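Down below is the structure, laid out as structure tokens.
Just so it is clear, none of the values below were taken in a lab; they were calculated from the coordinates. The shown structure was predicted, so the numbers you read here are calculated from the model rather than taken from an experiment. Positions of Cβ are backbone-derived with ideal geometry, glycine not excepted, and every protein chain shown enters the neighbour counts.
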Amino acid sequence: MTKPIQIDFYTDPYCAWSWALEPGVKEIERVEGAGVSWRLRMKPLVRDREADGHSGADIAEKWENVARLTGAEIDATRWRTNPPRSTLPADRATKVAGRFGAELERKFVHELRPMLMQQGRAADDEATLIEAARRAGIDVEAFRRALGDTTTDAAIAEDEREALAEGIKATPALVIRNSENDRVVIEGVRDTDLILRAIQVLRTDQAVADAARERVTSTTFMPETEASRAKT
């Protein structure tokens, strides 16, 4: 059986471009099902807005620009009125959700994004995170207890190192691999058909390699004997 294609999805729950890609991601999940193995990789957008010199209004303008360019429904009011200081709470909460399994982690982000992008809620509000976890089907009490675990920062740092190694500078980015470690990197908001085509090409390459190995390993080695030499 052919192994699933692996997709490392570099993102931040606050990434407006990733929100614009959300319908495409859900379509790939629907079409591919178990044929794709996902890993969410966090690449924080804003570690400390004030220390980094970002104003809430600046980020609001960027969100509104994404809405104009992509047609994604985005409400940037929060960034103008009571802007979050950091997007790290969302990244940390995603890593906590990942402890309950990759599928629940993706469901958690699918639930959290619209709260941040459309409803003006913030990930530094524990009630928002708890609600997203509940909607995703995560054990709420276990999730709540794990939210204070700072070891998630080490996992985020590892994701950032991986992003650097892959040459990824912005989100969203998809690193798509087959079992042969052939890969395609797709950055930004791209057409869903392009991503599905990349998956199919990598799957075909994987199948060709698997078939080649089958032909080699199924060949029986017959040691030369005096009798066989006499026949030649």
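With a/c under 1.5 counting as rounded, go ahead and sort segment 18-62 into rounded, prolate or oblate using the C-alpha gyration tensor (a ≥ b ≥ c being the square roots of the eigenvalues; past the cut-off, prolate if a/b is larger than b/c, else oblate). Oblate is the answer for segment 18-62, as a/c is 1.5 or above yet b/c matches or exceeds a/b. Applied to segment 167-179, the Karplus parametrisation 6.51 cos²θ - 1.76 cosθ + 1.60 on θ = phi - 60° returns per-residue 3J(HN,Hα) values of x, 8, 10, 9, 10, x, 9, 10, 9, 9, 10, 9, 6 Hz, with x for Gly and Pro. Using R0 = 45 Å, the C-beta based FRET efficiency linking VAL185 and GLU141 works out to 0.70. Here the Karplus relation 6.51 cos²θ - 1.76 cosθ + 1.60, evaluated at θ = phi - 60°, turns the backbone of segment 7-22 into coupling constants of 10, 8, 9, 8, 7, 8, x, 8, 6, 5, 5, 5, 4, 5, 7, 3 Hz, with x for every Gly and Pro. The long axis of helix 152-166 is offset from the longest Cα principal axis of the chain by roughly 60 degrees. Summarising the overall dimensions of segment 66-139 from its C-alpha atoms, the Rg and Dmax are 12.7, 38 angstrom. Solvent-free Debye calculation, one equal scatterer per alpha-carbon of segment 1-102: log10 I(q)/I(0) at 0.23 Å⁻¹ equals -1.27. Label separation (ALA170 vs GLU158): 2.9 nm, computed from points 7 Å beyond Cα along the C-beta direction. Springs between Cα atoms under 10 Å define the GNM used for the chain, and in it the highest mean-square fluctuation of ALA16, ALA51, ALA123 occurs at ALA51. Computed over the chain, the convex hull of the alpha-carbon atoms projects to a mean area of 17.1 nm².
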